[in-house]
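Okay, so here's the structure we're looking at.
The values are calculated or read from the model by the stated rules, or taken from the named source; none is laboratory data. Just so we're clear, the structure is a prediction, and the values are computed from it rather than from any experiment. Reconstructed Cβ throughout: ideal geometry from the backbone, glycine too, with neighbour counts over all protein chains shown.
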Amino acid sequence: SSCLSNLGHSATGLEHVYQFLSAPVRTHTTHTHFRLIVHMPYLIILDASHNQLTDFFGFQPPKNLKEVNFSHNQMSVMTHLSAYSSLSKLNLDYNCFSEIGGLLHCASLTHLSLAHNKISCIRGLDNLPIKDLCLRGNQIEKIENVETLRTLQVLDLSLNRISSLSGLQNLHLLGSINLENMSMLLLSLLFQPQEQLDYRLAVIFLLQHLTGLDQEKVTVEEKVSAVNKYDPPLEVVAAREHMSHMVYQLMQPQVIYDSTLPSLDSPYPMLVLTGPQACGKRELAHKLCREFNDFFAYGTCHTTRGPYFGEEDGSDYHFVTEEDFQNMIHMGKFLQTMQYAGHWYGLSREAIEDVAREGLACCVHMELEGVFSLKNSHFEPRYVLMIPTDKEQYGRRLRTRALYTQTQIDTAVARVDTYVLINRERPGFFDNVIPCVFIPLDLFHILLCYSLNSKWIKYVVFLHTIPLNDKVKTCF
Ligand SMILES: Nc1ncnc2c1ncn2[C@@H]1O[C@H](COP(=O)(O)OP(=O)(O)OP(=O)(O)O)[C@@H](O)[C@H]1O
């Protein structure tokens, strides 16, 4: 009777009944001693841990049991618990189970602990309302069959042989997970091999709804760092890139640039045409600079890709080697750089100054990343987005150029959506948008049509109305 406690009332209130039986004190009790429990129909908590029980409920306990602790026994087979529909907590740690089973109808089971058994496979838990599942110290290699545990909030898979986190992504309530001693091998394969893997940030990145990991709280700062490390937003990439160019540039002797205008309020005039590869922005930039050669000149970027047929060094790009490009970066020559399709592209400070020295406004073309980067600089260009309206037609246009692989074409087509999204979500990010319809219309005409009433056209008109020789420096 020393093991019995919590004397309470029965449901009718007429009888005194035992609700809690505890016999955990290494009494080496076998299930024959527990048979008496049949005579305690109101028992709701049973602690039979630290005994020598080999049989699962072989002694037929009362049906309304809520919490059962059978840890530290010698059980090896989980027999059916379908009769125990009120069971909410079941602790089976430190036994010899090699399989999970018999829980199918435990419709109230919210806490299940099977730590330190010999389980090698997660199964038999389908659709259970489990919130807290502990499988620490087993032989599990793979996270499987847990996608139906929609209420799962806490999961302990530490000290297993798990090497991949796949299978957990859709458990949206899962807040806390313990993965201590998880094999880092496969986790590292999920990321670029050259990237230094930070285990904690990598897991937080993969399971972004986590609030706890390996018994430590996941902080907001860690979540932000994880995303910034493994999938940085365009702003973050641009800010980092801008910062390194600034640092390299500040290490060089400082001069007053030709693009520095007398009044701080008037930025040096620049026009940036942006949009996905081969949308026609380069042709338009050249055309503008030809037709309005009193106002615009082309800012020639550097690239490490080789020239296409008909491209001229110094006109379309400055074609340089990878080594030269890297040297230029370290000499602080670039305002912004970007890697695209395995090649480097960069707008040098000198490319802008060459144009400014002529007293002209600089016109350049670049991808979205370049725009994000330039927005960090002190330049305040007008940004015109050229966006293909028909992705199929755009794909065909890329194919007919016969310059790109299918992967490059797919990437370029997919990037159209990124441009559309940025334009939709950030009004004003682009000063103007020109739909590219790829029909043999005069591109500049299209630009003008769509630019009417825009800030940019006013800007062009403004450029028209001032004498531009000596122009930029004195008038802007
Ligand atoms: N400095 C830069 N920063 C960011 N993007 C750039 C830069 N210079 C060029 N780009 C862009 O990189 C992409 C690839 O340039 P590339 O000249 O190789 O493409 P392309 O196949 O000739 O197409 P396009 O006609 O658009 O130039 C283009 O979208 C181009 O506008």
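Just a few scattered comments:
- A single member of 382, 397 is buried (at least 17 other Cβ atoms within 10 Å of the Cβ), farther than 18 Å from residue 334 by Cβ, of a type in the set (Lys, Arg) and in contact with an Asp or Glu (Cβ under 7 Å, 6 or more places away or on another chain), and it is 382.
- Filter pass, residue 414 being closer than 18 Å to residue 340 by Cβ and either surrounded by fewer than 18 Cβ atoms within 10 Å (Cβ to Cβ) or of a type in the set (Lys, Arg) (or both): yes
- Pairs linking a residue in region 362-380 that is of a type outside the set (Phe, Trp, Tyr) to a residue that is within 8 Å of the ligand (Cβ to nearest atom) and assigned to a helix (DSSP H, G or I), with Cβ atoms under 8 Å and 6 or more positions apart or on different chains, are 365/281; 365/282.
- Some residue of region 304-316 being within 11 Å of the ligand (Cβ to nearest atom), surrounded by 19 or more Cβ atoms within 10 Å (Cβ to Cβ) and modelled with pLDDT of 90 or more: yes
- Once region 242-286 is narrowed to residues that are in contact (Cβ under 8 Å) with a residue 40 or more places away in the chain, assigned to a loop (DSSP other than H, G, I, E, B) and aliphatic (A, V, I, L, M), the residue that is farthest from the ligand (Cβ to nearest atom) is 261.
- Apart from one condition, residue 398 fits all of (1) at pLDDT 95 or above; (2) assigned to a helix (DSSP H, G or I); (3) within 12 Å of the ligand (Cβ to nearest atom); the exception is (1).
- Residue 343 meets all of the listed conditions (1) crowded, with 16+ Cβ neighbours inside 10 Å; (2) touching a residue at least 24 places away in the same chain (Cβ under 8 Å); (3) not polar (S, T, N, Q) but one, namely (1).
- From the list 145, 127, the lone residue that is closer than 25 Å to residue 87 by Cα, touching a Ser or Thr at 6+ places or on another chain (Cβ under 7 Å), surrounded by fewer than 18 Cβ atoms within 10 Å (Cβ to Cβ) and modelled with pLDDT under 95 is 127.
- Residue in region 271-283 that is at pLDDT below 95, farther than 25 Å from residue 338 by Cβ, touching a strand residue (DSSP E or B) at 6+ places or on another chain (Cβ under 9 Å) and surrounded by 14 or more Cβ atoms within 10 Å (Cβ to Cβ) present: no
- Of the candidates 361, 356, the single residue that is crowded, with 17+ Cβ neighbours inside 10 Å, away from the ligand (no atom under 12 Å from the Cβ) and under 27 Å from residue 251 (Cβ atoms) is 356.
- Of the listed requirements (1) crowded, with 19+ Cβ neighbours inside 10 Å; (2) of a type outside the set (Asp, Glu); (3) more than 12 Å from the ligand (Cβ to nearest atom), residue 330 misses just one: (1).
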